[in-house]
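Structure first, then comments.
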Amino acid sequence: MSDIFALVDCNNFYASCERVFQPSLKHRPVVVLSNNDGCIVARSNEAKALGIAMGTPYFKAEDIIKKYNVAVFSSNYALYADMSNRVMQTLSRFTSEMEIYSIDEAFLALDGIQGSLDSYGRQIRSTVLQWTGLPVSVGIARTKTLAKIANHLAKKSDKAAGVLDLTQQRYIDHALAKTDVEDVWGVGRRIAAKLRRAGITTARKLAECDIDWVLRTFSIMTVRTVLELRGQKHFGLEEVPEPKKNITVSRSFGKEIETVEQLQQALTQYASRAGEKLRCQNQYAQILTAFAMSNRFDKKNAYYGSASYIFDSATDSSLDLVGAANKLVDEIYRDGVKFKKAGVMLNKLATSKNFQRNLFADREAISRDRRLMQVLDRINERGKQVAFASEGTVKPWQTKFDHRSPCYTTRWDEFVTVV
């Protein structure tokens, strides 16, 4: 297990990605909206300073957005995913062991680094900024939990200027005293409330807790968190992520659906997308569940319908998945219901190593489907969307992205033009 960890976290990731290709947004407040332009899910520091809260419905923030000329963007996941890959590729040059923790943060093992860890952290920070245009903060410590705290403080402290080395004990005590207990990695809302009722309000007080009391009151995971705050390593790097146990693709509609044909179009698109994700992870699905629901705020006409299809043999073919979804449409559709959301879920996933094929399956047909899916995936990766006919061509129900920026890095026809 590594002796030194660094947590590298992109600052205001979604908002920063938008700024990379629009430098005029520097110092201007920026917010990014969720699917269907519903709620604010990301903010620049300037937007936070205006008091715009995370999760605020867009329509409720429109007045302050207009008043302060806040730049508004729909979520652009293709852009964010590509920028994330660039950041992770850059970080991989600084270590031989790395755990990609989320789309915008990664743990690095920094064992054997010669010289100052602080200088090495600043080198990481400046390189990521120069190569990707994205600002990051770097927290360095002897455990992952302390590295999280170091990163949190590095973001907030002007003195730290984006990098904090928390490997010296005399700095750790001070940092823990300045950290609220709910900001400790692994301490959820319920645990934090319980700790506060017990008078434990900071990370330092949590680190000083009696271990037996923690074990009696919480779980073994909380005990490990406490020990990590004391500098004892209990969480190592997870370089290979665990295979997913299910895949869900669902969307809220930009306009409510009332016909069976439109519901079929939506489920076809979602099943096709789920198939792409499945193949990307080299997995196979045994069960497909399709579901559709009305507006959850319309209590008088509430409806939720779902149905499942079990394949004879686990599959990763979009042909099979789309076919199954289409068979389930009639089971979940109801006349008179205005559908607000629908989706498909793939369950009982298996990898190529542990899935068992049907002894009587048509191997020639399977091989043909596989080649077709490979071609399909290659075309779609290049930004040319190939769709199933049952998706239709006119889709008024499509999720709304009225403020989406171009996919600057993934679509040839949306590259930045320099005049």
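Below is a table of values for the structure above.
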{"read-out": "Sole residue being in contact with a Ser or Thr (Cβ under 7 Å, 6 or more places away or on another chain), on the phi < 0 side of the Ramachandran plot and modelled with pLDDT under 85, chosen from 358, 347, 354", "value": "358"}
{"read-out": "Condition met for residue 316 (acidic (Asp, Glu), in the same structural domain as residue 283 (by the TED database) and either on the phi > 0 side of the Ramachandran plot or out of contact with any strand residue (DSSP E or B) (no Cβ under 8 Å at 6 or more places or on another chain) (or both))", "value": "no"}
{"read-out": "Selection status of residue 242, without any contact (Cβ under 8 Å) to a residue 24 or more places away in the chain, part of a loop (DSSP other than H, G, I, E, B) and open to solvent by 50 Å² or more (accessible area, probe 1.4 Å)", "value": "yes"}
{"read-out": "Residue that is most open to solvent (accessible area, probe 1.4 Å) [pool: residues in the range 222-238 that are part of a loop (DSSP other than H, G, I, E, B) and among the charged types (D, E, K, R)]", "value": "238"}
{"read-out": "Restricting the range 136-151 to residues that are of a type outside the set (Val, Ile, Thr) and in contact with a helix residue (DSSP H, G or I) (Cβ under 6 Å, 6 or more places away or on another chain), the residue that is farthest from residue 237 (Cα to Cα)", "value": "137"}
{"read-out": "Residue match in the range 248-264 (condition: in a loop (DSSP other than H, G, I, E, B) and surrounded by 17 or more Cβ atoms within 10 Å (Cβ to Cβ))", "value": "no"}
{"read-out": "Residue match in the range 341-351 (condition: of a type outside the set (Val, Ile, Thr) and surrounded by fewer than 11 Cβ atoms within 10 Å (Cβ to Cβ))", "value": "no"}
{"read-out": "Spans of strands (runs of 3 or more DSSP E) in the range 98-159 with at least 3 residues hydrophobic (A, V, I, L, M, F, W, C) and not assigned by the TED database to the domain that holds residue 207", "value": "105-109, 136-141"}
{"read-out": "Only one of 359, 278 that is in contact (Cβ under 8 Å) with a residue 60 or more places away in the chain and either open to solvent by 30 Å² or more (accessible area, probe 1.4 Å) or in a helix (DSSP H, G or I) (or both)", "value": "278"}
{"read-out": "The range 82-97, subset assigned to a helix (DSSP H, G or I) and open to solvent by 30 Å² or more (accessible area, probe 1.4 Å), residue nearest to residue 145 (Cα to Cα)", "value": "92"}
{"read-out": "In the range 185-226, the residues that are within 23 Å of residue 174 (Cα to Cα), among the aliphatic types (A, V, I, L, M) and over 28 Å from the mean Cα position of the chain (by Cα)", "value": "195, 198, 200, 206, 207, 211, 214"}
{"read-out": "Enumeration of residues in the range 160-193 that are farther than 25 Å from residue 129 by Cβ, open to solvent by less than 10 Å² (accessible area, probe 1.4 Å) and assigned to a loop (DSSP other than H, G, I, E, B)", "value": "179, 184"}
{"read-out": "Members of the range 51-81 found to be buried (at least 16 other Cβ atoms within 10 Å of the Cβ), under 23 Å from the mean Cα position of the chain (by Cα) and in a helix (DSSP H, G or I), listed by number", "value": "58, 78, 79, 80"}
{"read-out": "Search result, residues across the range 387-410 that are touching a helix residue (DSSP H, G or I) at 6+ places or on another chain (Cβ under 8 Å), surrounded by 15 or more Cβ atoms within 10 Å (Cβ to Cβ) and charged (D, E, K, R)", "value": "391, 395, 400"}
{"read-out": "The lone exception for residue 107 - which of (1) of a type in the set (Phe, Trp, Tyr); (2) crowded, with 21+ Cβ neighbours inside 10 Å; (3) out of contact with any strand residue (DSSP E or B) (no Cβ under 8 Å at 6 or more places or on another chain) it fails", "value": "(3)"}
{"read-out": "Residue match in the range 69-89 (condition: among the small types (Gly, Ala, Ser), in contact with a strand residue (DSSP E or B) (Cβ under 9 Å, 6 or more places away or on another chain) and within 21 Å of residue 235 (Cβ to Cβ))", "value": "no"}
{"read-out": "Per-region count, the range 281-313, residues hydrophobic (A, V, I, L, M, F, W, C) and surrounded by fewer than 23 Cβ atoms within 10 Å (Cβ to Cβ)", "value": "8"}
{"read-out": "Sole exception among (1) surrounded by 16 or more Cβ atoms within 10 Å (Cβ to Cβ); (2) touching a Ser or Thr at 6+ places or on another chain (Cβ under 9 Å); (3) in a loop (DSSP other than H, G, I, E, B); (4) not assigned by the TED database to the domain that holds residue 305 for residue 337, by number", "value": "(4)"}
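The values are calculated or read from the model by the stated rules, or taken from the named source; none is laboratory data. Please read these numbers as outputs of a predicted model, since none were measured by experiment. Using ideal geometry, Cβ is built from the backbone for each residue, glycine included, and neighbour counts are taken over all protein chains shown. Accessible surface areas use protein heavy atoms only, side chains included; no ligands, DNA or RNA. Shrake-Rupley method; radii C 1.70, N 1.55, O 1.52, S 1.80 Å.
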